[in-house]
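Before any comments, here is the structure.
The values are calculated or read from the model by the stated rules, or taken from the named source; none is laboratory data. In this text, all values refer to a predicted model and were calculated from it rather than measured experimentally. Note that each Cβ is placed from the backbone with ideal geometry, even for glycine, and that neighbours are counted across all protein chains shown. Heavy atoms of the whole protein, side chains included, go into the accessibility calculation; ligands, DNA and RNA do not. Shrake-Rupley method; radii C 1.70, N 1.55, O 1.52, S 1.80 Å.
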Amino acid sequence: MPRTCSFTRPGLSGRGEWTFDGETLLLTPDGSPAEAYPVRELSGVTADGYSVTMRAAGRELQLGKLGAEGSNLLAELRRAWLPARADALRLGGEWLAKPFSGTVTRLGEAPRPFSALLHATALLVAPEGADLDPLFLALVEGASLDESALTVTCRLWDGSAWVFSRLAGRTDEFARAVRSARSALASLAVEGISRWLPTLSVAQRTNLGSRWLPGR
């Protein structure tokens, strides 16, 4: 059932109707043809409490005056967007955990709300309003849990770090999921080292496997 809204995009603004089927948002401006916005083509979704803004192909579409449907639309878009966008960027895979959300802080940057999905080779992080930013597990030296601060710090081999916080009571789960995925990659590395460097000791293989993760 179409719902009414106001909208603003480059070259046009006014009133219209929208529908969302889980894959495509369809906007029909009053007196103009319908416009389709596939979720997989969006490079960011954000909201300010009164409107929802979507970015696609370098342009912004802002929907306002959504009433009670605004929060529902935002939740549906976010739920559908992460896996669809990952697939569009060829970053998809078998998801290893339920979606996570919280705050992420990187060196020299202010903390930003994020949502994320974890698969076998990467943590796909989507800072609010921005496109997916993959944290490839092969680049992660280790993930440490600070139980007092309720943070998880992923340290990269180059010395930088991503700090995740405000994980809605799932800090331990998040840390375990990242560590488990990284350990699985290390096991694959050890298998490869065992085939190609069979004369190394078990301790040497394990040590190298923890450092030579697939993709590094």
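In table form, for the structure just shown:
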quantity	calculated
Å² of accessible area per residue within the range 57-144, as computed with a 1.4 Å probe and no ligands counted	50
Positive-end residue, the range 145-216 charge dipole about Cα centroid, Cβ charges, pick of Ser165, Leu188, Val152	Leu188
Dipole moment magnitude, nearest 20 debye, the range 96-216 about Cα centre, only Lys, Arg, Asp, Glu C-beta charged	340
Scattering profile of the range 1-46 at q = 0.13, 0.25 Å⁻¹ [log10 I(q)/I(0), Debye over alpha-carbon scatterers]	-0.28, -1.00
Among Leu25, Pro111, Gly70 the positive-end extreme of the charge dipole of the chain (Cβ point charges)	Pro111
Debye, to nearest 20: dipole size of the chain, +1 on Lys, Arg Cβ, -1 on Asp, Glu Cβ	520
Using a Förster distance of 22 Å, the FRET efficiency for Arg59-Arg79 (Cβ separation, nearest 0.05)	0.45
Cα radius of gyration and Dmax for the range 77-216 (Å)	15.8, 53
Paramagnetic label zone (point 7 Å from Cα along Cα-to-C-beta, Arg195; backbone N under 19 Å) in the range 115-156	121
Using alpha carbons only: equivalent-ellipsoid semi-axes of the range 57-132, gyration tensor based, whole Å	23, 17, 13
Quarter of Cα convex hull surface for the range 1-160, i.e. mean projection, nm²	11.0
Between helix 202-211 and the chain: long-axis angle, C-alpha atoms, 0 to 90°, nearest 10	30
Nearest 10 degrees, 0 to 90: helix 69-88 Cα axis against the chain principal axis	50
Values of log10 I(q)/I(0), in the order q = 0.10, 0.22 Å⁻¹, for the range 133-216 under a Debye, Cα-only, solvent-free model	-0.29, -0.99
